[in-house]
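The values are calculated or read from the model by the stated rules, or taken from the named source; none is laboratory data. What you see is a predicted model; the values in this text were computed from it and never measured. With ideal geometry, Cβ positions are generated from the backbone for all residues, glycine too; neighbour counts draw on all protein chains shown.
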Amino acid sequence: MSKRHSKRPLIRGAESGLDQLKIQVMKQQGYPVRKDRPDQVKYEVAKELGVPLNTEYNGELSSKQVGQVGGHIGGAMVREMIRMAQERLNKPEQK
């Protein structure tokens with residue numbers, strides 16, 4: 001039996017910051033993102049990728065299809081976090 005993954009971030013209170021990052025990153029990629037429902041962008045991504053994701057039951061989707069959607073969003077967010085970290089590392093320290 002596999003362990004169910006929690007959709008909550010490991011750090012309590014990080015949801016808001018992650019939502020803001022998702023909004024910023026996905027808007028940069030040209031997706032319409034609702035500030036009150038940033039998770040809804042997954043349907044736009046799925047549509048673009050040809051994955052039949054819907055708001056009801058999605059049990060017929062393969063792991064590959066689900067991964068394409070999540071990877072597209074999560075990958076963009078990780079790339080942005082890496083860019084932000086590199087930018088901070090390259091800034092001279094202010095005293």
(request) Might you check whether a residue that is surrounded by 10 or more Cβ atoms within 10 Å (Cβ to Cβ) and part of a loop (DSSP other than H, G, I, E, B) occurs anywhere in the stretch 2-11? (result) yes
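Yes/no matrix, rows are residues, columns are (1) within 26 Å of S16 (Cβ to Cβ); (2) at pLDDT 95 or above:
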residue	(1), (2)
R34	yes, no
A46	yes, yes
G59	no, no
K95	no, no
(request) Under 7 Å between Cβ atoms, at least 6 apart or on separate chains: pull out the pairs that start in the stretch 19-42 with a residue that is in contact (Cβ under 8 Å) with a residue 60 or more places away in the chain and end on any residue that is assigned to a helix (DSSP H, G or I). (result) L21/M77; L21/E80
(request) State the number of residues belonging to the stretch 30-60 that are in a loop (DSSP other than H, G, I, E, B) and surrounded by fewer than 15 Cβ atoms within 10 Å (Cβ to Cβ). (result) 13
